[in-house]
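Contents: one structure, followed by commentary.
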Amino acid sequence: MITSFSLFGQNSKNIGQIITIDPDFQKLIAPTAKIEVLASGFNWSEGPVWNKADNCLYFSDVPENKVYRWKEGEEVSVFLEPSGFTGLSPYSLEPGSNGLIINNKGELVSCEHGDRRLSILPLQHGGKYTLADNWQGKRFNSPNDLVQAKNGTYYFTDPPYGLPDRENAKTREIDLFGVYKVNSDRVVHLVISNLTRPNGVALSPDEKILYVAQSDPEKAIIMSYPILENGNLGKGKMFYDTTPMVKQGLKGLPDGIKTDINGNVFSTGPGGILVFNPKGKLLGRIDTGEATANCNWGNDGSYLYITADMYLCRIKTNTIGKGFD
């Protein structure tokens, strides 16, 4: 339940700080930029996505099984409830939707923890339907985050976070935590099988690279994989290892991840949002001061919306996000 909220420009609040590591960071984020709190009081906010058709933002509260809607000058409202679990409660600590996207057709696609599927909601008339809910006849664990390429292919991750007892759940049917692709024929293909906690996914601007964030505190890494002509992935390589930052006690783990039109990578992780150039050099941090789950572009593509624990925030950048060019 929302316990408080504030509208941008009306009793708004700022949190955190901007930390420059490399001078090139200032080309992307001004040193004077502020992290604005747009709403607060959520249990664990996640999965922000901008709906260009309505100039609004949708985002999940995973434990509360809700999707909220935020629009400039309006109060935050519940958009979907339930958002990711339609069975008898209690189910798990994180039953609701997690990652959200607006697909190439303008529909809302959700990673549903509790119902263990990817769902599609046509925004013009409603009526959810299932995009995918199994691999080789075995139910997913709890789909977490997803992205869609321009050719229609979806890539998504399937860690255990939404299951009762997580990796020890008796209802698990797949003995790995995979990354999958779904083509236009809706056939599910396993494309990565050797990650321990795959989480956020993002495409490079030319869609030749898939980035995958792993939220394992013992191996808190960001990987990059070349995308082959058939949509499968080539051999992955380490893009950045944030494990030392985790060991230093910075809040958060690699989770949601996005790119801008120039290939810079914005990944949540220890210490807020870590910003890298395309070669994997850490340029700076948008440090919210909270464990930060996800981020996404909105408005004209220059605003980065951030879900950080109980907060929904945004920051004005000097770049444009992928999908807004």
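So that you can scan it fast, the table gives a plain yes or no per residue for (1) in contact with an Asp or Glu (Cβ under 8 Å, 6 or more places away or on another chain); (2) surrounded by fewer than 17 Cβ atoms within 10 Å (Cβ to Cβ):
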{"position": "232", "(1), (2)": "no, yes"}
{"position": "240", "(1), (2)": "no, no"}
{"position": "260", "(1), (2)": "no, no"}
{"position": "264", "(1), (2)": "no, no"}
{"position": "272", "(1), (2)": "yes, no"}
{"position": "287", "(1), (2)": "no, no"}
{"position": "306", "(1), (2)": "no, no"}
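Quick grid of which residues meet (1) modelled with pLDDT of 95 or more; (2) more than 11 Å from residue 60 (Cα to Cα); (3) within 18 Å of the chain's Cα centre (by Cα); (4) charged (D, E, K, R):
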{"residue": "75", "(1), (2), (3), (4)": "no, yes, no, yes"}
{"residue": "88", "(1), (2), (3), (4)": "no, yes, no, no"}
{"residue": "93", "(1), (2), (3), (4)": "yes, yes, no, no"}
{"residue": "100", "(1), (2), (3), (4)": "yes, no, yes, no"}
{"residue": "107", "(1), (2), (3), (4)": "yes, yes, yes, yes"}
{"residue": "110", "(1), (2), (3), (4)": "yes, no, yes, no"}
{"residue": "114", "(1), (2), (3), (4)": "yes, yes, yes, no"}
{"residue": "119", "(1), (2), (3), (4)": "yes, yes, yes, no"}
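Might you let me know whether the range 198-210 holds any residue that is crowded, with 18+ Cβ neighbours inside 10 Å, free of Cβ contacts under 8 Å to residues at least 40 places away in the same chain and closer than 27 Å to residue 63 by Cα?
no
Select from the range 131-188 the residues that are among the aromatic types (Phe, Trp, Tyr) and either part of a strand (DSSP E or B) or over 27 Å from residue 224 (Cβ atoms) (or both) and list them in ascending order. Give the steps one after another, and end with the answer.
From the range 131-188, those among the aromatic types (Phe, Trp, Tyr) are 135, 140, 154-156, 161, 177, 180; that's our starting set.
Across the range 131-188, the qualifying residues are 135, 154, 155, 156, 180.
Any residue that is farther than 26 Å from residue 63 by Cβ and surrounded by 13 or more Cβ atoms within 10 Å (Cβ to Cβ) - is there at least one of those in the range 152-164?
Scanning the range 152-164, I find at least one residue that is farther than 26 Å from residue 63 by Cβ and surrounded by 13 or more Cβ atoms within 10 Å (Cβ to Cβ), so the answer is yes.
Would you point out the residue of the range 276-325, among those that are in a strand (DSSP E or B) and of a type in the set (Ser, Thr, Tyr), that is farthest from residue 226 (Cα to Cα)?
Looking at residues that are in a strand (DSSP E or B) and of a type in the set (Ser, Thr, Tyr), I get 311.
Residue 75 - would you say it is closer than 21 Å to residue 15 by Cα, touching a strand residue (DSSP E or B) at 6+ places or on another chain (Cβ under 8 Å), in a loop (DSSP other than H, G, I, E, B) and of a type in the set (Asp, Glu)?
yes
Scan the range 300-316 for residues that are among the polar types (S, T, N, Q) and out of contact with any Phe, Trp or Tyr (no Cβ under 7 Å at 6 or more places or on another chain) and report the count.
Here the count works out to 1.
Among the listed residues 78, 67, which satisfies the condition of being surrounded by fewer than 22 Cβ atoms within 10 Å (Cβ to Cβ) and within 18 Å of residue 128 (Cβ to Cβ)? It would help to see each step written out before you state the result.
Working: 67 fails: surrounded by fewer than 22 Cβ atoms within 10 Å (Cβ to Cβ).
Result of the check over 78, 67: 78.
Can you tell me which residue is surrounded by the most Cβ atoms within 10 Å (Cβ to Cβ) among those in the range 84-121 that are out of contact with any Pro (no Cβ under 9 Å at 6 or more places or on another chain) and over 18 Å from residue 257 (Cα atoms)?
Of everything passing the filter in the range 84-121, 119 is surrounded by the most Cβ atoms within 10 Å (Cβ to Cβ).
Any chance the range 260-275 includes a residue that's more than 26 Å from residue 318 (Cα to Cα), assigned to a loop (DSSP other than H, G, I, E, B) and under 16 Å from the mean Cα position of the chain (by Cα)?
no
How many residues does the range 235-259 hold that are over 19 Å from the mean Cα position of the chain (by Cα) and among the hydroxyl-bearing types (Ser, Thr, Tyr)?
Within the range 235-259, residues that are over 19 Å from the mean Cα position of the chain (by Cα) and among the hydroxyl-bearing types (Ser, Thr, Tyr) number 1.
Just to verify a result, which residue in the range 10-42, among those that are part of a loop (DSSP other than H, G, I, E, B) and among the charged types (D, E, K, R), is nearest to residue 320 (Cα to Cα)?
Out of the qualifying residues, it is 34.
The values are calculated or read from the model by the stated rules, or taken from the named source; none is laboratory data. Worth saying up front: this structure is predicted, and the values here are computed from it rather than measured. Using ideal geometry, Cβ is built from the backbone for each residue, glycine included, and neighbour counts are taken over all protein chains shown.
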